[in-house]
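K.L.:
My structure is below; once you've seen it, I'll send some questions.
The values are calculated or read from the model by the stated rules, or taken from the named source; none is laboratory data. All values derive from a computational prediction rather than experimental measurement. For neighbour counting, all protein chains shown are included, and Cβ atoms are generated from backbone atoms with ideal geometry for every residue, glycine included. Ligands, DNA and RNA are stripped out before the accessible areas are found, and what is left, the full protein with its side chains, is counted by its heavy atoms. Shrake-Rupley method; radii C 1.70, N 1.55, O 1.52, S 1.80 Å.
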Amino acid sequence: MRSIVALGVVPSRGSASIRGGAVGLRNHREKEETQSQKMNRRGLEIHPAHSWQSTKCSPLEGLVEVSRSGPNAWTLHPNPLPKNGERGPAPFGPRFGRRLLLRPGKYTLDAGGLGGSNPTSRHDDQRELVDASTWETTMTGRRNEPLIRVASPSGEELPLISGTTYPPETQVQIETSRIRAKVATQGYVSGVVGGSFEDKATGARDLGFGLDVVDFLLEPTPEGAPVPEGQYDFGNLVHGEIPKRYVEGPQICTQVKRLAPRVFVGDGFAAVTLRHAWTEAYAPHDRAGSLWEQTLIFPEGERFFLAADRVTTVSESPCLFLRIDLPGHLKHDKGSGFEHIYLSYEEPETIPSMEFFSDFPPDAHFFYQRGAGPMQERFIRAYQHPEGPWLAGMTLNPSDVYEAWCHQRGYVCMIQEIGGRATQPGDTFGAAYVIGWFADVEEMQTVYDRFRGVSGWMIDGPPERPTGYRGLAAEALSRIKE
(Lines give C-alpha, C1' and ligand atoms only; values in the text may rest on other atoms or scores of the structure.)
Protein backbone atom coordinates (compact mmCIF):
# COMPACT_ATOMS: atom_id res chain seq x y z
CA MET A 1 0.00 0.00 0.00
CA ARG A 2 1.32 3.43 -0.90
CA SER A 3 -0.03 6.90 -0.31
CA ILE A 4 1.01 10.41 -1.20
CA VAL A 5 0.92 12.95 1.60
CA ALA A 6 1.27 16.65 0.86
CA LEU A 7 2.61 18.00 4.10
CA GLY A 8 1.43 21.57 4.57
CA VAL A 9 2.40 23.54 7.64
CA VAL A 10 1.30 27.06 8.50
CA PRO A 11 3.10 29.14 11.15
CA SER A 12 2.56 27.36 14.41
CA ARG A 13 4.47 26.10 17.40
CA GLY A 14 3.09 22.65 16.87
CA SER A 15 4.46 19.86 14.74
CA ALA A 16 3.05 16.85 13.01
CA SER A 17 4.56 13.53 14.03
CA ILE A 18 3.87 10.43 11.96
CA ARG A 19 4.88 7.05 13.26
CA GLY A 20 3.81 3.42 13.48
CA GLY A 21 1.11 2.52 15.99
CA ALA A 22 -1.68 0.10 16.75
CA VAL A 23 -3.99 -1.14 14.01
CA GLY A 24 -6.84 1.26 13.22
CA LEU A 25 -7.50 4.97 12.89
CA ARG A 26 -7.10 6.82 16.15
CA ASN A 27 -6.27 10.19 17.59
CA HIS A 28 -2.84 10.79 19.05
CA ARG A 29 -3.01 12.69 22.33
CA GLU A 30 0.08 14.06 23.96
CA LYS A 31 0.94 12.15 27.09
CA GLU A 32 3.76 11.72 29.51
CA GLU A 33 6.35 9.24 28.30
CA THR A 34 8.90 7.37 30.30
CA GLN A 35 12.54 7.79 29.33
CA SER A 36 12.50 4.21 28.03
CA GLN A 37 9.55 4.97 25.78
CA LYS A 38 11.30 8.04 24.45
CA MET A 39 14.43 6.06 23.74
CA ASN A 40 12.49 3.37 21.89
CA ARG A 41 10.30 5.69 19.86
CA ARG A 42 11.20 5.86 16.20
CA GLY A 43 9.27 8.35 14.12
CA LEU A 44 9.42 10.99 11.44
CA GLU A 45 8.48 14.54 12.34
CA ILE A 46 7.29 17.38 10.19
CA HIS A 47 8.42 20.68 11.67
CA PRO A 48 6.60 23.90 10.77
CA ALA A 49 9.61 26.17 10.89
CA HIS A 50 11.74 24.65 8.17
CA SER A 51 11.62 23.75 4.50
CA TRP A 52 12.62 20.44 2.91
CA GLN A 53 14.26 22.24 -0.01
CA SER A 54 14.67 25.60 1.81
CA THR A 55 12.18 27.07 -0.65
CA LYS A 56 8.48 27.73 -0.70
CA CYS A 57 6.53 24.78 -1.99
CA SER A 58 4.89 25.09 -5.38
CA PRO A 59 1.38 23.63 -5.58
CA LEU A 60 2.74 20.12 -6.23
CA GLU A 61 5.98 20.21 -4.26
CA GLY A 62 6.42 19.03 -0.71
CA LEU A 63 5.03 15.63 -1.61
CA VAL A 64 5.97 12.68 0.52
CA GLU A 65 5.55 9.03 -0.39
CA VAL A 66 4.29 6.77 2.38
CA SER A 67 5.21 3.11 2.07
CA ARG A 68 4.32 0.20 4.28
CA SER A 69 7.47 -1.33 5.77
CA GLY A 70 5.87 -3.83 8.13
CA PRO A 71 2.55 -4.97 9.59
CA ASN A 72 2.27 -1.82 11.72
CA ALA A 73 5.18 0.20 10.39
CA TRP A 74 5.26 2.93 7.78
CA THR A 75 8.05 4.92 6.18
CA LEU A 76 7.94 8.41 4.71
CA HIS A 77 10.05 9.28 1.68
CA PRO A 78 10.67 12.80 0.33
CA ASN A 79 9.37 12.98 -3.22
CA PRO A 80 10.19 16.44 -4.64
CA LEU A 81 9.49 17.31 -8.25
CA PRO A 82 12.48 17.41 -10.60
CA LYS A 83 14.11 20.80 -11.07
CA ASN A 84 16.24 22.06 -13.93
CA GLY A 85 19.13 19.69 -14.55
CA GLU A 86 17.82 17.13 -12.06
CA ARG A 87 16.02 13.83 -12.14
CA GLY A 88 13.45 12.72 -9.66
CA PRO A 89 10.41 10.51 -9.31
CA ALA A 90 7.12 11.71 -10.75
CA PRO A 91 4.79 12.49 -7.86
CA PHE A 92 1.78 10.81 -9.46
CA GLY A 93 1.20 7.39 -10.96
CA PRO A 94 -0.77 4.19 -10.58
CA ARG A 95 1.24 3.06 -7.56
CA PHE A 96 0.21 6.09 -5.52
CA GLY A 97 -3.00 6.01 -3.55
CA ARG A 98 -4.84 8.59 -1.49
CA ARG A 99 -3.53 12.12 -1.19
CA LEU A 100 -3.67 13.94 2.10
CA LEU A 101 -3.03 17.50 3.15
CA LEU A 102 -2.17 17.88 6.81
CA ARG A 103 -2.93 20.87 8.95
CA PRO A 104 -0.78 21.61 12.02
CA GLY A 105 -1.39 19.12 14.76
CA LYS A 106 -0.37 15.74 16.14
CA TYR A 107 -0.84 12.73 13.89
CA THR A 108 -0.33 9.00 14.08
CA LEU A 109 0.01 6.85 10.97
CA ASP A 110 -0.77 3.23 11.64
CA ALA A 111 -1.92 0.16 9.77
CA GLY A 112 -5.48 1.47 9.67
CA GLY A 113 -4.71 4.88 8.27
CA LEU A 114 -3.98 8.39 9.43
CA GLY A 115 -5.53 9.82 12.55
CA GLY A 116 -4.88 13.05 14.34
CA SER A 117 -6.01 15.83 16.60
CA ASN A 118 -6.52 18.06 13.59
CA PRO A 119 -8.42 16.62 10.62
CA THR A 120 -7.05 16.63 7.12
CA SER A 121 -8.41 19.21 4.75
CA ARG A 122 -8.51 16.72 1.89
CA HIS A 123 -8.83 12.93 2.10
CA ASP A 124 -10.15 11.83 -1.25
CA ASP A 125 -8.65 9.40 -3.73
CA GLN A 126 -10.30 11.12 -6.67
CA ARG A 127 -9.40 14.76 -6.01
CA GLU A 128 -6.28 16.74 -6.72
CA LEU A 129 -4.11 18.37 -4.08
CA VAL A 130 -5.14 21.77 -2.88
CA ASP A 131 -2.70 24.63 -3.31
CA ALA A 132 0.21 24.33 -0.90
CA SER A 133 2.20 27.19 -2.38
CA THR A 134 2.46 29.14 0.86
CA TRP A 135 3.57 26.26 3.01
CA GLU A 136 6.97 24.91 3.86
CA THR A 137 7.85 21.36 4.86
CA THR A 138 10.73 19.36 6.16
CA MET A 139 11.17 15.73 7.06
CA THR A 140 13.36 14.46 9.80
CA GLY A 141 14.21 11.02 11.00
CA ARG A 142 14.97 12.09 14.54
CA ARG A 143 16.38 9.47 16.86
CA ASN A 144 17.54 9.98 20.38
CA GLU A 145 21.08 9.29 19.22
CA PRO A 146 22.87 10.81 16.21
CA LEU A 147 22.80 8.90 12.96
CA ILE A 148 26.56 9.25 12.64
CA ARG A 149 29.49 9.06 15.04
CA VAL A 150 33.13 9.95 14.43
CA ALA A 151 36.14 8.75 16.39
CA SER A 152 39.92 9.02 16.18
CA PRO A 153 41.87 6.11 14.68
CA SER A 154 42.37 4.84 18.23
CA GLY A 155 38.63 4.94 18.92
CA GLU A 156 38.31 8.13 20.97
CA GLU A 157 34.99 9.78 20.18
CA LEU A 158 35.27 13.17 18.49
CA PRO A 159 32.84 16.11 18.45
CA LEU A 160 30.33 15.80 15.62
CA ILE A 161 30.37 19.01 13.57
CA SER A 162 28.56 19.06 10.25
CA GLY A 163 30.67 20.20 7.31
CA THR A 164 33.94 19.22 8.97
CA THR A 165 36.68 17.36 7.14
CA TYR A 166 38.20 15.07 9.74
CA PRO A 167 41.80 13.78 9.63
CA PRO A 168 42.62 10.70 7.53
CA GLU A 169 41.68 7.39 9.15
CA THR A 170 38.96 8.97 11.29
CA GLN A 171 36.44 6.25 12.12
CA VAL A 172 32.91 6.92 10.85
CA GLN A 173 30.00 4.80 12.06
CA ILE A 174 26.42 5.03 10.84
CA GLU A 175 23.34 3.80 12.65
CA THR A 176 19.76 4.50 11.61
CA SER A 177 16.60 2.78 12.77
CA ARG A 178 17.08 0.12 10.05
CA ILE A 179 20.78 -0.29 9.21
CA ARG A 180 24.31 -0.06 10.59
CA ALA A 181 27.44 0.66 8.56
CA LYS A 182 31.03 1.88 8.76
CA VAL A 183 32.72 4.09 6.18
CA ALA A 184 36.07 2.76 4.92
CA THR A 185 38.67 5.43 5.75
CA GLN A 186 41.65 3.28 6.73
CA GLY A 187 43.35 0.18 5.31
CA TYR A 188 41.10 -1.08 2.53
CA VAL A 189 39.47 2.26 1.75
CA SER A 190 36.48 3.79 -0.07
CA GLY A 191 32.81 2.95 0.29
CA VAL A 192 31.42 0.94 3.19
CA VAL A 193 33.61 -1.45 5.20
CA GLY A 194 33.12 -5.11 4.29
CA GLY A 195 30.92 -6.97 6.77
CA SER A 196 29.74 -3.76 8.47
CA PHE A 197 26.53 -3.14 6.52
CA GLU A 198 23.85 -4.71 8.72
CA ASP A 199 20.14 -5.05 8.13
CA LYS A 200 18.60 -4.71 11.58
CA ALA A 201 15.41 -6.52 10.59
CA THR A 202 17.15 -9.79 9.73
CA GLY A 203 20.65 -9.45 11.16
CA ALA A 204 22.11 -9.99 7.68
CA ARG A 205 25.48 -8.39 6.88
CA ASP A 206 27.16 -7.92 3.53
CA LEU A 207 29.30 -10.90 2.54
CA GLY A 208 32.25 -9.29 0.80
CA PHE A 209 35.20 -6.90 1.01
CA GLY A 210 33.16 -3.70 0.94
CA LEU A 211 30.44 -1.81 -0.93
CA ASP A 212 31.08 0.79 -3.67
CA VAL A 213 34.82 0.11 -3.53
CA VAL A 214 36.93 2.21 -5.93
CA ASP A 215 39.98 1.25 -8.04
CA PHE A 216 41.60 3.31 -10.83
CA LEU A 217 41.09 4.94 -14.24
CA LEU A 218 41.46 2.84 -17.40
CA GLU A 219 40.88 2.92 -21.14
CA PRO A 220 40.79 0.27 -23.89
CA THR A 221 44.16 -0.85 -25.30
CA PRO A 222 44.36 -0.19 -29.06
CA GLU A 223 44.55 -3.37 -31.08
CA GLY A 224 48.14 -4.50 -31.52
CA ALA A 225 49.58 -1.96 -29.06
CA PRO A 226 52.44 -3.26 -26.87
CA VAL A 227 51.75 -3.87 -23.17
CA PRO A 228 54.65 -2.46 -21.11
CA GLU A 229 55.75 -4.19 -17.92
CA GLY A 230 53.66 -3.06 -14.98
CA GLN A 231 50.67 -2.27 -17.13
CA TYR A 232 47.27 -3.95 -16.86
CA ASP A 233 47.51 -7.59 -17.93
CA PHE A 234 44.80 -9.49 -19.79
CA GLY A 235 44.41 -12.79 -21.56
CA ASN A 236 43.99 -14.65 -18.27
CA LEU A 237 41.36 -15.99 -15.87
CA VAL A 238 41.26 -12.77 -13.84
CA HIS A 239 40.79 -10.18 -16.60
CA GLY A 240 39.70 -12.30 -19.55
CA GLU A 241 40.38 -11.45 -23.18
CA ILE A 242 39.42 -7.79 -22.76
CA PRO A 243 42.30 -5.48 -23.77
CA LYS A 244 42.61 -2.51 -21.39
CA ARG A 245 45.33 -0.36 -19.89
CA TYR A 246 45.76 1.82 -16.83
CA VAL A 247 45.51 5.58 -17.29
CA GLU A 248 45.97 6.74 -13.68
CA GLY A 249 46.58 5.00 -10.39
CA PRO A 250 47.35 3.69 -7.91
CA GLN A 251 44.37 1.55 -7.01
CA ILE A 252 42.52 3.53 -4.35
CA CYS A 253 41.10 0.66 -2.28
CA THR A 254 44.36 -1.27 -1.75
CA GLN A 255 47.10 1.36 -2.11
CA VAL A 256 45.91 4.72 -0.76
CA LYS A 257 45.37 3.33 2.77
CA ARG A 258 44.09 6.58 4.37
CA LEU A 259 41.17 8.85 3.42
CA ALA A 260 39.86 11.97 5.17
CA PRO A 261 36.06 11.93 5.58
CA ARG A 262 33.93 15.04 5.39
CA VAL A 263 30.76 14.62 7.42
CA PHE A 264 27.34 16.24 6.99
CA VAL A 265 24.46 16.04 9.47
CA GLY A 266 20.98 17.00 8.26
CA ASP A 267 17.44 16.48 9.45
CA GLY A 268 16.73 12.83 8.78
CA PHE A 269 20.00 11.95 7.08
CA ALA A 270 23.75 11.83 7.48
CA ALA A 271 26.26 12.00 4.65
CA VAL A 272 29.98 11.45 4.12
CA THR A 273 32.20 12.46 1.23
CA LEU A 274 35.63 10.98 0.42
CA ARG A 275 38.09 12.16 -2.22
CA HIS A 276 41.51 11.45 -3.65
CA ALA A 277 43.74 12.66 -6.47
CA TRP A 278 45.59 9.94 -8.39
CA THR A 279 49.35 10.40 -8.37
CA GLU A 280 50.65 7.94 -10.97
CA ALA A 281 50.28 8.26 -14.76
CA TYR A 282 50.73 5.29 -17.08
CA ALA A 283 52.23 5.57 -20.57
CA PRO A 284 51.30 6.89 -23.02
CA HIS A 285 49.74 9.36 -20.56
CA ASP A 286 52.27 11.63 -18.89
CA ARG A 287 50.11 13.44 -16.36
CA ALA A 288 48.32 12.36 -13.18
CA GLY A 289 46.08 14.32 -10.84
CA SER A 290 42.50 13.44 -11.79
CA LEU A 291 40.18 13.92 -8.82
CA TRP A 292 37.74 11.31 -7.52
CA GLU A 293 34.97 12.11 -5.04
CA GLN A 294 32.51 9.73 -3.44
CA THR A 295 29.25 10.74 -1.75
CA LEU A 296 27.47 8.42 0.69
CA ILE A 297 24.04 9.45 2.04
CA PHE A 298 22.30 7.50 4.79
CA PRO A 299 18.58 8.38 5.14
CA GLU A 300 16.77 7.55 8.34
CA GLY A 301 14.06 4.91 8.01
CA GLU A 302 15.49 3.15 4.95
CA ARG A 303 17.21 -0.21 4.49
CA PHE A 304 19.46 1.35 1.83
CA PHE A 305 21.88 4.20 1.36
CA LEU A 306 22.56 6.45 -1.63
CA ALA A 307 26.00 6.66 -3.20
CA ALA A 308 27.77 8.32 -6.09
CA ASP A 309 31.25 8.42 -7.62
CA ARG A 310 32.44 11.38 -9.66
CA VAL A 311 35.71 12.04 -11.51
CA THR A 312 37.15 15.29 -12.85
CA THR A 313 39.93 14.21 -15.17
CA VAL A 314 43.22 15.72 -16.29
CA SER A 315 43.52 13.06 -18.99
CA GLU A 316 42.63 13.16 -22.65
CA SER A 317 41.29 9.76 -23.64
CA PRO A 318 39.09 8.28 -26.37
CA CYS A 319 37.27 6.17 -23.75
CA LEU A 320 38.03 6.82 -20.07
CA PHE A 321 36.31 4.83 -17.33
CA LEU A 322 36.43 4.36 -13.56
CA ARG A 323 36.44 0.84 -12.11
CA ILE A 324 34.44 0.13 -8.96
CA ASP A 325 32.95 -2.89 -7.16
CA LEU A 326 29.14 -2.71 -7.06
CA PRO A 327 27.45 -3.64 -4.90
CA GLY A 328 30.64 -5.46 -3.90
CA HIS A 329 32.43 -8.78 -4.27
CA LEU A 330 30.87 -11.83 -2.65
CA LYS A 331 32.79 -14.35 -0.54
CA HIS A 332 31.51 -17.93 -0.55
CA ASP A 333 32.61 -21.56 -0.57
CA LYS A 334 31.83 -23.30 -3.87
CA GLY A 335 28.38 -21.76 -4.09
CA SER A 336 27.60 -22.19 -0.41
CA GLY A 337 26.93 -19.05 1.61
CA PHE A 338 24.45 -17.28 -0.66
CA GLU A 339 21.31 -18.29 -2.53
CA HIS A 340 21.12 -16.46 -5.88
CA ILE A 341 22.60 -13.68 -7.98
CA TYR A 342 20.28 -11.23 -9.74
CA LEU A 343 21.46 -9.38 -12.87
CA SER A 344 18.83 -7.24 -14.57
CA TYR A 345 20.66 -7.47 -17.92
CA GLU A 346 20.77 -11.30 -18.03
CA GLU A 347 18.21 -13.81 -19.24
CA PRO A 348 17.16 -15.39 -16.96
CA GLU A 349 17.80 -12.58 -14.50
CA THR A 350 18.07 -14.81 -11.41
CA ILE A 351 21.07 -17.16 -11.32
CA PRO A 352 21.51 -19.97 -8.75
CA SER A 353 24.61 -19.92 -6.57
CA MET A 354 25.95 -23.20 -7.97
CA GLU A 355 26.72 -21.43 -11.26
CA PHE A 356 29.69 -19.99 -9.32
CA PHE A 357 31.12 -23.32 -8.17
CA SER A 358 34.24 -23.07 -10.37
CA ASP A 359 36.35 -20.14 -11.57
CA PHE A 360 35.71 -18.59 -14.99
CA PRO A 361 36.92 -15.37 -16.68
CA PRO A 362 34.74 -12.25 -16.81
CA ASP A 363 33.93 -12.48 -20.51
CA ALA A 364 32.83 -16.14 -20.32
CA HIS A 365 29.48 -15.64 -18.56
CA PHE A 366 27.26 -12.85 -17.24
CA PHE A 367 29.26 -10.15 -19.04
CA TYR A 368 27.73 -6.75 -19.86
CA GLN A 369 29.03 -4.21 -22.36
CA ARG A 370 27.18 -1.03 -23.23
CA GLY A 371 26.12 -1.04 -26.86
CA ALA A 372 26.17 -4.83 -27.24
CA GLY A 373 22.38 -4.86 -26.91
CA PRO A 374 19.50 -2.50 -26.18
CA MET A 375 19.89 -0.04 -23.32
CA GLN A 376 18.59 -1.48 -20.06
CA GLU A 377 15.44 -0.11 -18.44
CA ARG A 378 17.06 -0.61 -15.04
CA PHE A 379 20.58 -1.62 -14.04
CA ILE A 380 20.39 -3.79 -10.92
CA ARG A 381 22.91 -6.30 -9.54
CA ALA A 382 22.20 -8.18 -6.31
CA TYR A 383 22.80 -11.32 -4.31
CA GLN A 384 20.43 -13.12 -1.97
CA HIS A 385 21.72 -13.53 1.56
CA PRO A 386 21.16 -16.83 3.43
CA GLU A 387 19.04 -14.85 5.91
CA GLY A 388 16.62 -14.08 3.10
CA PRO A 389 17.00 -10.45 1.97
CA TRP A 390 18.72 -9.30 -1.19
CA LEU A 391 21.69 -6.95 -1.13
CA ALA A 392 21.48 -4.86 -4.29
CA GLY A 393 23.60 -2.24 -6.02
CA MET A 394 21.47 -0.29 -8.48
CA THR A 395 22.99 2.17 -10.95
CA LEU A 396 20.26 4.74 -11.47
CA ASN A 397 21.19 5.83 -14.98
CA PRO A 398 21.92 2.67 -17.01
CA SER A 399 23.78 4.65 -19.67
CA ASP A 400 26.48 5.50 -17.09
CA VAL A 401 27.62 1.85 -17.08
CA TYR A 402 30.34 1.03 -19.62
CA GLU A 403 31.02 -2.57 -18.63
CA ALA A 404 30.06 -4.95 -15.81
CA TRP A 405 31.43 -8.31 -14.70
CA CYS A 406 30.00 -11.01 -12.48
CA HIS A 407 32.48 -13.88 -12.57
CA GLN A 408 34.03 -16.41 -10.25
CA ARG A 409 37.69 -16.06 -9.18
CA GLY A 410 37.71 -17.59 -5.69
CA TYR A 411 34.85 -15.23 -4.92
CA VAL A 412 32.12 -13.65 -7.06
CA CYS A 413 33.80 -10.60 -8.58
CA MET A 414 31.24 -7.85 -9.25
CA ILE A 415 33.32 -5.22 -11.04
CA GLN A 416 31.52 -2.36 -12.74
CA GLU A 417 33.02 0.38 -14.91
CA ILE A 418 31.40 3.79 -15.31
CA GLY A 419 32.04 6.42 -17.95
CA GLY A 420 33.60 4.92 -21.05
CA ARG A 421 33.41 8.04 -23.20
CA ALA A 422 35.92 10.45 -24.72
CA THR A 423 37.34 12.99 -22.27
CA GLN A 424 39.35 16.19 -22.33
CA PRO A 425 41.19 17.68 -19.34
CA GLY A 426 38.64 19.25 -17.01
CA ASP A 427 35.76 16.95 -17.99
CA THR A 428 33.62 15.39 -15.26
CA PHE A 429 31.69 12.11 -15.32
CA GLY A 430 30.12 9.86 -12.71
CA ALA A 431 27.28 7.59 -11.65
CA ALA A 432 24.85 7.31 -8.74
CA TYR A 433 23.51 4.25 -6.97
CA VAL A 434 21.12 2.88 -4.40
CA ILE A 435 22.80 0.18 -2.30
CA GLY A 436 20.86 -1.73 0.30
CA TRP A 437 18.66 -4.53 1.55
CA PHE A 438 15.44 -5.54 -0.18
CA ALA A 439 12.80 -8.19 0.43
CA ASP A 440 12.51 -9.16 -3.24
CA VAL A 441 13.11 -8.05 -6.81
CA GLU A 442 9.81 -6.17 -6.96
CA GLU A 443 10.90 -3.97 -4.05
CA MET A 444 14.24 -3.30 -5.75
CA GLN A 445 12.42 -2.16 -8.89
CA THR A 446 10.02 0.04 -6.93
CA VAL A 447 12.85 1.83 -5.12
CA TYR A 448 14.85 2.09 -8.34
CA ASP A 449 11.96 3.89 -10.00
CA ARG A 450 11.85 6.47 -7.19
CA PHE A 451 15.35 7.63 -8.15
CA ARG A 452 15.55 6.63 -11.82
CA GLY A 453 17.82 8.74 -14.04
CA VAL A 454 20.10 10.14 -11.35
CA SER A 455 23.87 10.29 -12.07
CA GLY A 456 25.02 12.14 -8.95
CA TRP A 457 23.93 13.45 -5.57
CA MET A 458 24.14 17.01 -4.24
CA ILE A 459 23.81 18.03 -0.60
CA ASP A 460 21.82 21.25 -0.33
CA GLY A 461 22.22 24.10 2.12
CA PRO A 462 25.25 25.28 4.08
CA PRO A 463 27.63 22.47 5.06
CA GLU A 464 27.21 23.22 8.75
CA ARG A 465 23.41 22.88 8.45
CA PRO A 466 22.41 20.99 5.29
CA THR A 467 18.76 21.23 4.35
CA GLY A 468 18.46 18.14 2.17
CA TYR A 469 19.88 16.37 -0.84
CA ARG A 470 18.86 15.86 -4.45
CA GLY A 471 19.75 13.89 -7.54
CA LEU A 472 21.55 15.33 -10.54
CA ALA A 473 21.41 14.34 -14.18
CA ALA A 474 24.66 13.41 -15.93
CA GLU A 475 24.85 16.77 -17.72
CA ALA A 476 24.48 18.61 -14.40
CA LEU A 477 27.55 17.04 -12.75
CA SER A 478 29.92 19.84 -11.84
CA ARG A 479 33.69 19.85 -11.72
CA ILE A 480 35.19 18.71 -8.41
CA LYS A 481 36.72 21.68 -6.62
CA GLU A 482 40.23 21.14 -5.31
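K.L.:
Give me the one-decimal nm value for the distance between modelled label points at Gln424 and Val238, 7 Å along each residue's Cα-to-Cβ direction.
P.N.:
Distance between label points: 3.7 nm.
K.L.:
State the percent of C-alpha pairs, over all pairs in the stretch 181-321, separated by a distance greater than 23 angstrom.
P.N.:
Of the Cα pairs, 45 percent sit more than 23 Å apart.
K.L.:
Quick one: net charge of Leu237's neighbours, Cβ under 10 Å, K/R +1, D/E -1?
P.N.:
0
K.L.:
While we're on this one: Considering the alpha-carbon set of the stretch 436-482 alone, what are its Rg and its Dmax in angstrom?
P.N.:
Every Cα atom of the stretch 436-482 included, Rg and Dmax give 14.1, 41 Å.
K.L.:
Got a sec to turn the phi values of the stretch 411-423 into Karplus ³J(HN,Hα) couplings, 6.51 cos²θ - 1.76 cosθ + 1.60 with θ = phi - 60°, whole Hz, x for Gly and Pro?
P.N.:
Residue by residue, the stretch 411-423 yields 8, 7, 8, 10, 6, 9, 10, 10, x, x, 9, 5, 10 Hz.
K.L.:
Now for a different question. Can you give me the C-alpha center-to-center distance between the stretch 326-389 and the stretch 167-231, rounded to a whole angstrom?
P.N.:
18 Å
K.L.:
While we're here: Suppose the chain between Asp363 and Glu347 were pulled fully straight at 0.36 nm per residue; how much longer would it get relative to their current alpha carbon spacing? Could you put the intermediate results ahead of the total?
P.N.:
Values: separation 16, 0.36 × 16 = 5.76 nm, distance 1.58 nm.
Computed gain between Asp363 and Glu347 is 4.2 nm.
K.L.:
Another question about this same structure. Within a Cβ distance under 9 Å of Phe429, other residues only, what is the Lys/Arg minus Asp/Glu net charge?
P.N.:
Working: positive: Arg310, Arg421; negative: Asp400, Asp427.
Here the count lands on 0.
K.L.:
Taking the Cα centre as origin and putting +1 on Lys and Arg beta-carbons and -1 on Asp and Glu beta-carbons, what dipole magnitude results for the stretch 272-318, to the nearest 20 debye?
P.N.:
40 debye
K.L.:
Separate question: Any idea of the accessible area per residue across the stretch 325-426, 1.4 Å probe, to the nearest Å²?
P.N.:
I get 37 Å² per residue for the stretch 325-426.
K.L.:
Treating only the Cβ of Lys, Arg, Asp and Glu as charged (+1, +1, -1, -1), what charge dipole size does the stretch 366-482 show about its Cα centre? Round to the nearest 20 debye.
P.N.:
It works out to roughly 220 debye.
K.L.:
For Thr221, what is the net charge nearby, where nearby means another residue's Cβ is under 10 Å from its Cβ and Lys, Arg count +1, Asp, Glu -1? List each step's numbers first, then the result.
P.N.:
Numbers: positive: Lys244, Arg245; negative: Glu219, Glu223.
Net charge around Thr221: 0.
K.L.:
Also, quick follow-up: The stretch 256-315: D in µm²/s via Stokes-Einstein (Kirkwood Rh, Cα pairs, 25 °C, 0.890 mPa s)?
P.N.:
So the translational diffusion coefficient is about 184 µm²/s.
K.L.:
Can I ask one more? Percent of accessible area on the stretch 299-424 owned by carbon and sulfur, 1.4 Å probe?
P.N.:
46 percent
K.L.:
Would you kindly calculate the mean projected area, averaged across all directions, of the convex hull enclosing the Cα atoms of the stretch 192-268, in square nanometres?
P.N.:
Its Cα hull, projected and averaged over all orientations, spans 8.5 nm².
K.L.:
Take Asp440 and Ser478, extend 7 Å from each Cα along the Cα→Cβ direction, and tell me the distance between the two endpoints in nm.
P.N.:
For Asp440 paired with Ser478, the spin-label model returns 4.3 nm.
K.L.:
Sticking with the crude label model, points 7 Å out along Cα→Cβ, report the distance from Ala277 to Glu464 in nm, one decimal please.
P.N.:
2.7 nm
K.L.:
A follow-up question, please. Taking a cut-off of 21 Å, what percent of all Cα-Cα pairs in the stretch 343-444 are separated by more than that? All intermediate terms of the calculation are to be shown ahead of the outcome.
P.N.:
On the way: 1934 of 5151 pairs.
Of the Cα pairs, 38 percent sit more than 21 Å apart.
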